[in-house]
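This report concerns only the one structure given below.
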C-alpha cells in the first residue's frame, strides 16, 4: 500500500508518501497510486461526516459527539466505501491507511489542498493526542476498533459495549475475542440481564465492577495462545457458543456479585 | 615507399557531448543547473557582490507554423566572455594553455587548461550542458548553441557552436552592430537553410548569454518555474544564494511566470547562516518542531578543517528527492565553495545511527575553509557530483561526519551511546550464524543433487523417507539380552517424485555398538527402483528376526555384540554412493533402559509449509499452505487422545480421536502423523483464482496479518496433554526472521552471554561481553571456528537448542521435530552422537539441573564438532 500523508506546518500544507511495500529507494515511486487513494478518501470522509451528523445527538442545538459513534462511523464508512479493495491496499496492513486518514481528517485537507474543517469532528476528542506523539509511536487504535466494529449494526454494537469506546477497546485488545460471533453471544447474554446488572456493567472499565469483567472472564475461557487456544469463539456453533458465554459470564457474575443473582431475569 | 601525411580526424562532437553528460550520475538537468552557474561565479566581476543568472524559456513560431522552444541562460555581474578569439592553430601553438582572462577562447575551445586552474574545467562540461538539450531538426542528431556577450569596454560579440555532428564554431564571431542585428532578427538563417528562431533583445548589462534553440518539446515542462530545473538549481546553489553571492531566476516567457530560486525552508534563519560556530556544537530548537546543531572549526588534520557543519531534524520534514539513485537533501550535503557536490546519504551512510522513521526528517550540510576547499577540489570528479573516496582528505571528512551524526543521534535520544559504539554485528559474524543454522536446519542443502543422464542438467530433487520397524522381546522395553532376538524387522522406504530416481538405490542394515562403531549386517543392492508416472514411491522390505549374541556368530541374521550398553539398529538408503537417508531404533543390550519421561510424555508438533514458494516464510494470496500435525507418545502404553486444531476462522479438527502407539522404554519415540491438510489461502478483498485440483480454499479474515495455527491434544478426561502452535505470515512481512532460518543475530546491551527473545526470532549477544571483547577479529581465512566467529558459533548452537526446546515446555514439539528431522539424513559418527544427545536432552526434564546442564553442554559440543567438519 502507498498512502499520501498530509501535514500542516503553520498553515503550510505538505504531504509525503508512505508505503509498507519494499521500495527500491523511496516511497515516492508510488505517488500516483497514493494520490488516487487520497481522492477516494475525500469521498469517504464526506460520507462519514454526513453519517455522523445524522446519528449524533444534539443538545441545545449543539452536537454531542460520542467517541463510540465516531469510530463506528469511520469504520463502517471505510468498509462501505470499498477503499480496502483499492489496488493500493492489496495485501497490506491497515495502519498505513489510518496514518493517512487521521491527519487528512484532522487538518481537513481535500485532495488538491482545499480545506474541509468539518472533517475534524470525525476524530474522537480524546484521540487527538495522536499528533503530539512521535510518528513511530502514534497509535490509531480508535480506527482499528472502528473498523472492527463495522461488522455489527450501530445499535447492536452500542448495546454490547454500552456506547463506550473504551469498553469496545477492552475487548478488541484481546485478540482471541475479536470475532463477531462472540459479540453476538455477549449481546444475547446482555439482553438477558436486568437493567441493574446492565447499568453496573456499563461503568467505566477501571471501576470495581464494570465492563472489564466480561473480557477478563472470556479471555480465561478463550486464551489467545498456549494450551486451550485451539478452539476460539468463531469455531463453535452459535448455540454452543451462547451456552459457553452465558455459563462463563453467569458464573463470574455469581462469584463477584452474589447480590446481583436475584436481579437476573429468568 | 613514400611517407604518409598526418591529417586531422573528424570528431563526432554529438557523441562526445552525450558521453560527457551521461557521466553526470544525476542526469542532464543537474549538469545544466550546475555548470553555467559555476562558470558565472568564476567570472564574477571585481566590485560585484552578487552574480545573477537567469534561465528563461521562450516560445517561437517557426516558418511552418510549428512551435520551437529556446532556453537562454544569462549571467550578469560577471566579466562576460572577454578576451580575444584564439584559433585552433594558435591554441596548439600555445600548448593548449589559455590566460585567466581569455573567457571567449575558453568557451569556444575544447581540451585546454587555464593558468591558475586545474584541469577540472577543461573538458567542456559547460558547453556540453547546454548543447545536450538542443535537438536540431533533421535525420541525424545535431546540437546547436548561440552566445552573445557585452563586455566592460562596450564591445558586443556574437558566436555560435554547431555539432553536426562534427564540431564547428562561427569564425570569426560577429561584432557590435552586426551581432546585435542577428540577435534581434526573427530568424537567423544558416547556409543549409536551417532557420534558427531568435527575435531577442541585445544584452543591456555586462555579462553573457547562451541561447539553446530546439529544446525537446517533451522536456519543456521541466524548464518551467517550479519544474525539475528549478529544483536542481536549489539543490546546487542554495548556500551561495543564502550568503548573498548569487541570485538565480527561472522565467517562463510563454506563461509569464517566474521563480526566484530560494533557500530551502529548513535552512532559513539564523544562527545557522553566519558567524563562527562552536566546535563542541551548539543546539537549538526549531520553531516548527525539531532540533538543530551547529559545529564549527572541526579539525581534520594537516591544517584542514570543517568550517561549519549543521545537522537538523524535524518530524515535520518529509523526503524531497528528485531521483532516487543518489541522495540529494536526504543526508549531509557536502559543499565546496558554496556549491553542492555530493550528499552523504542518511540511508546509505548513516542508516546505522538514524532510525528508519527519523530518516526523512534529517538534513545537514558541511562546508570548509579555503585551504580544505582547495584540497577537496583535487579530489572532485570532473562532473562536480562526487569526491574520490580513496583520497585521505575525503576519508577524514567522511569519518568526522559519521562521528557527528552518531553524536547527533545520541543527543536526540535515538540510540544509547553504548549501543552505537559497540553493538554492530559484522557481516562475517552474520554469515557464520546463518551457516551454522543451515548446517542443522537445511536438509535440502545437504542432499545430493541428482544429475540427468545427459550430464550436468539438474533433475527434480529427490525427497527420501525411511522408517524402521521392529518388535522387541518385551513390547514395553527396548532391552534385549544376549541370545534374544529383535523380531519382524522391516524398513519402509519412500521417495518422490517417483520417476526422478536415476538407476537404483541400495538398502543397508547396520548395527551400531555401544561405542558408536557401526558394522554392516545386511545389504540389499539395487533394491529400490524408480516407478514411472508415480508422484511417490513407497516400498516395504521385510528383513526378518535378528538375534543378538555375545560371542561369535555362526549363522545368518545374528549380530555379534560383546559389550552391553545402548546400541542401535540402523537402516540406511545408499543412492549413487551416498547415504541419503537413515532410520534407527535404540536397543539396550543386557542393560535396563531409562524410564519414560515424567514430564510431557505426549507431545504435538505442527509443520506449516508454503509449498507454492518453499523458500519463503511469507505466504501470499492464492499460495498453498500445507499443514501437518504430528504427535509422539513416549509412554509404553498405546492410548487414545483427542485433537482440536484451528487456523484463522477454520477448524480442522474438533475432538478428533487419535490412536497413539506406545514407545518401548528406551526407544526413540516415533513421530506419528495425526492430520494433514492443504489450503489455498485467499485475500478476502481479492477475487478467488480457479480452485486448484483437490485443494480447498480458505478465505482469510483480513488482507494481511500474522495468524496462528493452534492445536490441543486432550486425554479422555478432557485435560490438555500437549499444545502446539505455528505462525503463518499471510501477506505480511515476517520481520526479523525473513529467511527460512528461524532467528537472526543481533548485538544488544545485555549482561548474559546470549539471549533468545520471547518470539524466538532474535538471538542477541553483547559486544561488551568480556570474552567476546578479548577474542580476535578473524582474518580472511576459510576456517569458521576462529576468534569471534567461534563465539558466534557457540551462541548459535545454544540459541538453536533453546529454540527447539523452549516450546516443549507446553508439549509443543514443532521446533524440536524440525531440528531432529533435518539432521536425520546424516549418519556418520558425529551426527550419530549429536542425535543421541539431542534426544537425551529432550528427555532430560526429569533430570537434575546439573545433569540436564551437562547433557546440554555435550550437545553443544557435538554441534560445534559437526559445524567445524562441515564448514571446513
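The values are calculated or read from the model by the stated rules, or taken from the named source; none is laboratory data. These figures come from a predicted structure and were not determined experimentally. As a convention, Cβ positions derive from the backbone with ideal geometry for all residues, glycine included, and neighbour counts pool all protein chains shown.
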Scope region B:286-311; condition within 14 Å of chain A (Cβ to nearest Cβ) and in a strand (DSSP E or B); matching residues: B:291
Region B:601-626, subset out of contact with any helix residue (DSSP H, G or I) (no Cβ under 6 Å at 6 or more places or on another chain) and within 16 Å of residue B:674 (Cα to Cα), residue farthest from the other protein chains (Cβ to nearest Cβ): B:626
Among (1) crowded, with 17+ Cβ neighbours inside 10 Å; (2) modelled with pLDDT of 85 or more, the one test that residue B:853 misses: (1)
Residue match in region B:43-60 (condition: farther than 19 Å from residue B:203 by Cβ, touching a strand residue (DSSP E or B) at 6+ places or on another chain (Cβ under 9 Å) and outside any strand (DSSP E or B)): no
Some residue of region B:646-655 being in a strand (DSSP E or B) and over 46 Å from the mean Cα position of the chain (by Cα): yes
Test set (1) modelled with pLDDT under 85; (2) more than 30 Å from residue B:860 (Cα to Cα); (3) not in a loop (DSSP other than H, G, I, E, B) - residue B:404 fails condition number: (1)
Output for region B:663-687, where each listed residue is within 14 Å of another protein chain (Cβ to nearest Cβ) and either crowded, with 20+ Cβ neighbours inside 10 Å or not in a strand (DSSP E or B) (or both): B:674, B:681, B:683, B:684, B:685, B:686, B:687
Near pairs, Cβ below 6 angstrom, 6+ apart or cross-chain, from region B:370-398 (without any contact (Cβ under 8 Å) to a residue 60 or more places away in the chain) to any residue that is surrounded by fewer than 19 Cβ atoms within 10 Å (Cβ to Cβ) and in a loop (DSSP other than H, G, I, E, B): B:373/B:337; B:379/B:388; B:379/B:391
Per-region count, region A:70-108, residues more than 14 Å from chain B (Cβ to nearest Cβ), more than 18 Å from residue A:32 (Cα to Cα) and surrounded by 23 or more Cβ atoms within 10 Å (Cβ to Cβ): 8
Scope region B:693-706; condition at the interface with chain A (Cβ under 10 Å from one of its Cβ atoms) and surrounded by 15 or more Cβ atoms within 10 Å (Cβ to Cβ); matching residues: B:702, B:703, B:704, B:705
Filtered residue count, region A:19-41, keeping only those that are in contact with a helix residue (DSSP H, G or I) (Cβ under 8 Å, 6 or more places away or on another chain), facing chain B (nearest Cβ under 9 Å) and either at pLDDT 80 or above or surrounded by fewer than 17 Cβ atoms within 10 Å (Cβ to Cβ) (or both): 1
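The rows are residues; the columns are (1) surrounded by 18 or more Cβ atoms within 10 Å (Cβ to Cβ); (2) in contact (Cβ under 8 Å) with a residue 60 or more places away in the chain; (3) touching a strand residue (DSSP E or B) at 6+ places or on another chain (Cβ under 6 Å).
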site	(1), (2), (3)
A:180	no, no, no
A:185	yes, yes, no
A:193	yes, yes, no
A:198	no, no, no
A:201	yes, no, no
A:212	yes, no, no
A:235	yes, no, yes
A:249	yes, yes, no
Of residues in region A:92-112 being assigned to a loop (DSSP other than H, G, I, E, B) and at negative phi, the one farthest from the chain's Cα centre (by Cα): A:111
Matching residues in region A:1-18 - criterion: being at pLDDT 80 or above and surrounded by 19 or more Cβ atoms within 10 Å (Cβ to Cβ): A:2, A:3, A:4, A:5, A:6, A:15, A:16, A:17, A:18
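Look through region B:635-662, keep the residues that are within 14 Å of chain A (Cβ to nearest Cβ) and closer than 15 Å to residue B:603 by Cα, and return whichever of them is surrounded by the most Cβ atoms within 10 Å (Cβ to Cβ).
In this case the residue turns out to be B:645.
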Options B:585, B:579, B:555, B:523: the member that is in a strand (DSSP E or B) and over 30 Å from residue B:631 (Cα atoms): B:523
